[in-house]
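Here's the structure, in structure tokens; my notes come after.
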Amino acid sequence: MVSIIIPVVNEENHLKKLLPLLVNSEAKEVIVVDGGSNDNSKLIAKELGAKVIDSPKSRAKQMNAGAKAAVENILYFVHADSIPPSSFHEDIKTHQDKNIPFGCFRSLFDTKNWFLRINSYFSRYKGMMFRGGGQTLWITKEFFQELNGYDESLKLMEEYDFIKRASQKADYKVIQKDVLVSTRTYDENGNFKTQFIYGLIMFGFFRGIDQDKLIKFGKRWLK
């Protein structure tokens, strides 16, 4: 029914926590797409029961490679540092049965910080400014292929671009259950600063500013 696709580069610690939850779920297939890790990500993924494939380092390319290798009719893209709700398989099946071709969950930052909790609250609503890859994304394989997958020319914001293109062709569902999302970037850089920089990068992306300039800007201000 569901093929789970996880793009990784050096995510051994998060895979140790995430994979046991997914491999032991009702999902038929868990695919870890490695983009050139130099830690034990591949070894750990294999030991924990995932299928491991290699891909050039690029989230768009990695997710497309996973989709190409998947055998099930629903693709579920999960970040290594996100933890889906335990009922994710049944939730996806229920909503897909209603002929909704794609959707996501709410996100809940793994913290009691009020700023990030408010940030999480708005993920229950539709709209590009409330979306994020950490919320996980499920989509029928047929619709994914119709959209030609993720745009591999993109070096950032590939998930926002994909959701934007998908939502122009079909409605989607935000399932009202939480994906637990890591706060590691916020912890390292500060909550307000991180959110502000992310907002500027998103604004610049949709205004057509050169990707390399946006990446350079992000690396300058965020660790």
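The values are calculated or read from the model by the stated rules, or taken from the named source; none is laboratory data. Here the structure is a predicted model, which is why all the values come from computation and not from measurement. FYI the Cβ positions are ideal-geometry reconstructions off the backbone, even for glycines, and counts take in every protein chain you see.
Could you tell me which residue of the stretch 65-83 is nearest to Glu29 (Cα to Cα), considering only residues that are crowded, with 17+ Cβ neighbours inside 10 Å and β-branched (Val, Ile, Thr)? It would help to see each step written out before you state the result.
First pass over the stretch 65-83, keeping only residues crowded, with 17+ Cβ neighbours inside 10 Å: 65-67, 70, 74-83.
Still in the list and also β-branched (Val, Ile, Thr): 74, 78, 83.
Numbers: Ile74: 10, Val78: 13, Ile83: 17 Å.
Ranking the qualifying residues of the stretch 65-83, first place goes to Ile74.
Which of (1) modelled with pLDDT of 95 or more; (2) outside any helix (DSSP H, G or I); (3) over 25 Å from Met1 (Cα atoms) does Lys223 not meet, given it meets every other one?
Condition (1) is where Lys223 drops out.
Kindly establish whether Thr111 is at pLDDT below 95, in a helix (DSSP H, G or I) and of a type outside the set (Lys, Arg). I'd like the intermediate steps shown before the answer.
Values: at pLDDT below 95: yes; in a helix (DSSP H, G or I): no; of a type outside the set (Lys, Arg): yes.
In short, no.
Suppose we keep only residues that are charged (D, E, K, R) and at pLDDT below 95 within the stretch 124-134. Which one would you say is nearest to Leu180 (Cα to Cα)?
Arg131
If a residue must be modelled with pLDDT of 95 or more, crowded, with 18+ Cβ neighbours inside 10 Å and assigned to a helix (DSSP H, G or I), how many such residues does the stretch 135-157 contain?
Of the residues in that region, 1 qualify.
Failed condition for Asn113, given (1) surrounded by 22 or more Cβ atoms within 10 Å (Cβ to Cβ); (2) under 15 Å from Thr183 (Cα atoms); (3) more than 11 Å from the chain's Cα centre (by Cα), with all others met?
Condition (1) is where Asn113 drops out.
From Lys46, Lys68, Lys28, Lys17, grab the single residue that is assigned by TED's automatic domain parsing to the domain that holds Lys141, out of contact with any helix residue (DSSP H, G or I) (no Cβ under 9 Å at 6 or more places or on another chain) and within 17 Å of Gly149 (Cβ to Cβ).
Lys68
Return yes when Lys93 is assigned to a helix (DSSP H, G or I) and more than 14 Å from Ile139 (Cβ to Cβ) and no when it is not.
In short, no.
Can you work out which of the residues in the stretch 162-184 that are surrounded by 18 or more Cβ atoms within 10 Å (Cβ to Cβ) and charged (D, E, K, R) is nearest to Gln96 (Cα to Cα)?
Lys173
Considering only residues that are surrounded by 18 or more Cβ atoms within 10 Å (Cβ to Cβ) and among the hydroxyl-bearing types (Ser, Thr, Tyr), which ones fall in the stretch 84-110?
Passing the criteria: only Ser107.
Name every residue in the stretch 66-88 that is touching a strand residue (DSSP E or B) at 6+ places or on another chain (Cβ under 6 Å) and part of a helix (DSSP H, G or I), in order of residue number.
Scanning the stretch 66-88 gives Gly66, Ala67, Ala69.
The conditions are (1) in the same structural domain as Leu116 (by TED's automatic domain parsing); (2) part of a helix (DSSP H, G or I); (3) not hydroxyl-bearing (Ser, Thr, Tyr), and Gln176 fails exactly one of them. Which is it?
Failing condition for Gln176: (2).
Could you pull out the residue among Lys57, Lys93, Lys46 that is free of Cβ contacts under 8 Å to residues at least 24 places away in the same chain and not β-branched (Val, Ile, Thr)?
Lys46
Take the conditions within 27 Å of Thr183 (Cβ to Cβ) and surrounded by 23 or more Cβ atoms within 10 Å (Cβ to Cβ) and apply them to Leu48. Does it pass? If you could, list the steps in order and put the result at the bottom.
Working: within 27 Å of Thr183 (Cβ to Cβ): yes; surrounded by 23 or more Cβ atoms within 10 Å (Cβ to Cβ): no.
Criteria not met by Leu48.
The conditions are (1) within 14 Å of Ile175 (Cβ to Cβ); (2) in contact with a helix residue (DSSP H, G or I) (Cβ under 6 Å, 6 or more places away or on another chain); (3) not hydroxyl-bearing (Ser, Thr, Tyr), and His89 fails exactly one of them. Which is it?
If we test His89 against (1) within 14 Å of Ile175 (Cβ to Cβ); (2) in contact with a helix residue (DSSP H, G or I) (Cβ under 6 Å, 6 or more places away or on another chain); (3) not hydroxyl-bearing (Ser, Thr, Tyr), just (2) comes out false.
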